[in-house]
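Data first, discussion second: the structure below is written as structure tokens.
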Amino acid sequence: QEELVESGGGLVQAGGSHRLSCTASERTYGIGNIGWYRQAPGKQRELVVTITAAGSPNYGSSVKGRFIISRNNAKNTVYLQMNSLKPEDTAVYYCAAGDLGTTVPASYEYWGQGTQVTVSS
């Protein structure tokens, strides 16, 4: 059983909006803290946003003001609403779960397989 499954990736035009979903197993979702990270070819994994069990978000500087994270506890799902997309947002987007509530990727124990988002100019 996969612990985390991302969905919603695809091709989007610059300036457009798109939403990703991360659905977790009940056990994994219960850990509480969920993070979205992304990795573009040849680049390091980058923080997009994290959200604590209490719902407190922490956005990366490159997406702040454009992306919005939310969670639906009844569905064990976290959403990433991406607005005003830019070509530099092109990456594989991963969701992760961890119990420390930090923004450091190494603190997240469970990772999804990732979903590709491509923003065309």
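A quick yes/no check of all residues on (1) closer than 14 Å to Val48 by Cα; (2) open to solvent by 50 Å² or more (accessible area, probe 1.4 Å); (3) of a type outside the set (Val, Ile, Thr); (4) in contact with a strand residue (DSSP E or B) (Cβ under 6 Å, 6 or more places away or on another chain):
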{"site": "Gly65", "(1), (2), (3), (4)": "yes, yes, yes, no"}
{"site": "Ala74", "(1), (2), (3), (4)": "no, yes, yes, no"}
{"site": "Thr77", "(1), (2), (3), (4)": "no, no, no, yes"}
{"site": "Gln81", "(1), (2), (3), (4)": "yes, yes, yes, yes"}
{"site": "Ala96", "(1), (2), (3), (4)": "yes, no, yes, yes"}
{"site": "Ala106", "(1), (2), (3), (4)": "no, yes, yes, no"}
{"site": "Glu109", "(1), (2), (3), (4)": "no, yes, yes, yes"}
{"site": "Gly114", "(1), (2), (3), (4)": "yes, no, yes, yes"}
{"site": "Val119", "(1), (2), (3), (4)": "no, no, no, yes"}
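One line per residue, one yes/no per condition, for (1) crowded, with 18+ Cβ neighbours inside 10 Å; (2) part of a strand (DSSP E or B):
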residue: Pro41; (1), (2): no, no
residue: Leu47; (1), (2): yes, yes
residue: Ala54; (1), (2): no, no
residue: Ser70; (1), (2): no, yes
One residue is enough: does region 49-72 have a residue meeting the conditions modelled with pLDDT of 95 or more, over 14 Å from the mean Cα position of the chain (by Cα) and hydrophobic (A, V, I, L, M, F, W, C)?
no
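The values are calculated or read from the model by the stated rules, or taken from the named source; none is laboratory data. Computed from a prediction, not measured in an experiment: that's the story for all the values here. Neighbour counts are summed over all protein chains in view; Cβ atoms, including those assigned to glycine, are modelled from backbone coordinates with ideal geometry. Keep in mind that these areas ignore ligands, DNA and RNA; they rest on the heavy atoms of the full protein, side chains included. Shrake-Rupley method; radii C 1.70, N 1.55, O 1.52, S 1.80 Å.
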